[in-house]
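Written out below as structure tokens is the structure these notes cover.
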Amino acid sequence: MAEFRINNWQSGNRIIYLQRYKEYRDFMTLILEAELKLYEEKKQELLSHDAGKYVLIKNTDIIGIFESEKDAIRAGIEKFGNVPFLVKRIEEIAQGQNYTSNLIQVGA
């Protein structure tokens with residue numbers, strides 16, 4: 001697994017800089033490998049019924065389909081806590097993937 005170090009800490013703004021964004025993205029892709037694989041396997045089925053909505057996936061289970069990303073994230077945190085799970089918009093052509101955690105505070 002990739003190792004991450006905090007490059008800079010500005011106590012006034014509480015901003016954390018990750019050493020390399022690409023390493024972070026690759027690290028999260030490894031963490032969510034099972035979830036991403038399941039999404040790709042079920043993509044056509046999901047598109048046929050729920051295009052434009054958001055799917056919540058944990059391990060190899062589809063937990064639910066949601067109208068908004070916010071609702072899917074909220075459901076994931078309520079059910080699993082602050083652990084990795086996948087929330088992905090159901091769409092034919094994938095957009096960039098964002099990973100968030102409520103443990104990282106920016107400007108708080």
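The values are calculated or read from the model by the stated rules, or taken from the named source; none is laboratory data. Since the model is a prediction, treat every value here as computed from it, not as a measurement. All Cβ positions, glycine included, derive from the backbone under ideal geometry; neighbour counts span all protein chains shown.
Quick look at the values:
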read-out: Complete set of residues in the range 40-60 that are farther than 17 Å from Thr29 by Cα, surrounded by fewer than 18 Cβ atoms within 10 Å (Cβ to Cβ) and not aliphatic (A, V, I, L, M); value: Lys42, Lys43, Gln44, Glu45, Ser48, His49, Asp50, Gly52
read-out: Tabulated pairs, the range 29-40, first under 16 Å from Gly64 (Cα atoms), second aromatic (Phe, Trp, Tyr), C-beta under 8 angstrom, 6+ apart or interchain; value: Glu35/Phe85
read-out: Contacts under 7 angstrom Cβ, first residue in the range 68-84 being farther than 14 Å from Ile57 by Cβ, partner among the polar types (S, T, N, Q), 6 or more apart; value: Asn82/Ser101; Asn82/Asn102
read-out: 1 or more residues among the aliphatic types (A, V, I, L, M) and either in contact with a strand residue (DSSP E or B) (Cβ under 6 Å, 6 or more places away or on another chain) or at pLDDT 95 or above (or both): qualifying helices (runs of 4 or more DSSP H) within the range 1-90; value: 33-50, 69-80
